[in-house]
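Worksheet: the structure to be examined is printed underneath.
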Amino acid sequence: MKSFLNASDIGDLHKALDEALEVKANPFKWQHLGRNKTIILVFFNNSLRTRLSSQKAALNLGMNPIVLNVNGDSWNLETQMGVVMDGGKSEHLREAIPVIGSYCDIIGVRSFAGLTDREADYNENILRQFIDYSGVPVISLESATVHPCQAFADLITIEEHKTKARPKVVMTWAPHPKALPQAVPNSFAQWMNAADVDFVITQPEGYEVDPAFAGNARIEYDQMRALEGADFVYAKNWSCPGVSCPEKYGRILSRDMSWTVDAAHMAVTDNAFFMHCLPVRRNMIVSDEVIDSPTSLVIPEAANRVVSAQVVMKRMLEELA
Ligand code: CP
């Protein structure tokens, strides 16, 4: 695996899930793979789970993880080509990336969408430069349009908790005070489309997920109708993806608090599990009552971030061996 962005990069999902459960049961079995190997985790944005779970996964595999916080530790990096660098940015990605690549065997990159230029975001301007210029395998740790380590962890969590061969999984938009990227809903949709689930997306008008990720998901604008009989409710906020209204890309179109997932929403489901990638705004995205209920999976879902990252790193190390 030269890079990890999409569900297709992991290959057969059944095999990947089997491997994930094996890794979870025996986390230290592959320590030999990471001996004398280094992963550098480059963060352009904040993180709690991704930063810690990636380091833990690397340590479980016997690797040395190094974290670089671009906005705090390093020189301020220019990401655009062709600019006259007479401002506050001291170094260009074009040099920084191959230098980082020369110090390690794998790179992980967190580089959120800017939410002002849809084309630049959907071309993965920063992540693509790491893939093109680092000379080592690259993992998206949430880049402009995808968050594959999260989606893989979500799928592992669904696999562990499902009680039906083909569960109904509903991804619902929910309100948030800030404009958030579309990476999590994009990846969740992509991975659910590849998995054996009945997948439904519900959102207000204007929040349609890019068709490249939404695929054949059923779209339902009536949230309550979408949730009927659901086995898993996956709540997330995202800003306007600019599909039906390109001029509104990255903006907040609705603050409708009736979309907050509360007990009334969960009551129409088939005793569904509640899921969210975290961090979550309580009583915006989900009520206290729902997130604190026994059917909330937010903590096991976050714990599975170590497992998903470890499977990806393990496969990359096996190819390097
Ligand atoms: N879910 C997730 O990626 O969490 P962090 O932003 O804290 O890494």
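The values are calculated or read from the model by the stated rules, or taken from the named source; none is laboratory data. Here the structure is a predicted model, which is why all the values come from computation and not from measurement. A quick note on method: Cβ atoms are made from the backbone with ideal geometry, for glycine too, and the neighbour counts reach across all protein chains shown.
Restricted to the range 250-300, and to residues there that are among the polar types (S, T, N, Q) and assigned to a loop (DSSP other than H, G, I, E, B), the residue that is surrounded by the fewest Cβ atoms within 10 Å (Cβ to Cβ) is N271. Scanning the range 294-310 for residues that are out of contact with any Phe, Trp or Tyr (no Cβ under 7 Å at 6 or more places or on another chain) and farther than 11 Å from T157 by Cα returns P294, V306, A309, Q310. Filtering the range 2-20 to residues that are within 16 Å of E318 (Cβ to Cβ), within 18 Å of the chain's Cα centre (by Cα) and surrounded by 15 or more Cβ atoms within 10 Å (Cβ to Cβ) leaves S3, F4, D9, I10, A16, A20.
The conditions of being within 16 Å of the ligand (Cβ to nearest atom), in the same structural domain as A309 (by TED's automatic domain parsing) and of a type in the set (K, R) are not met by R35.
Among the residues of the range 59-69, those that are touching a strand residue (DSSP E or B) at 6+ places or on another chain (Cβ under 9 Å) and either surrounded by fewer than 20 Cβ atoms within 10 Å (Cβ to Cβ) or under 11 Å from G108 (Cα atoms) (or both) comprise L59, N64, P65, I66, V67, L68, N69.
Quick one: which of E124, E142 is under 21 Å from K236 (Cβ atoms), within 15 Å of the ligand (Cβ to nearest atom), modelled with pLDDT of 95 or more and acidic (D, E)? Steps first, answer last, please.
Values: E124 fails: within 15 Å of the ligand (Cβ to nearest atom).
Matching residue, one of E124, E142: E142.
Against the criterion of being assigned to a loop (DSSP other than H, G, I, E, B) and free of Cβ contacts under 8 Å to residues at least 12 places away in the same chain, G72 qualifies. The set of residues in the range 21-55 being over 17 Å from the mean Cα position of the chain (by Cα), part of a helix (DSSP H, G or I), closer than 20 Å to T157 by Cβ and touching a residue at least 12 places away in the same chain (Cβ under 8 Å) consists of L21, V23, K24.
Can you confirm whether the range 109-128 contains a residue that is surrounded by fewer than 22 Cβ atoms within 10 Å (Cβ to Cβ), assigned to a helix (DSSP H, G or I) and of a type in the set (S, T, Y)? Yes, that holds for at least one residue.
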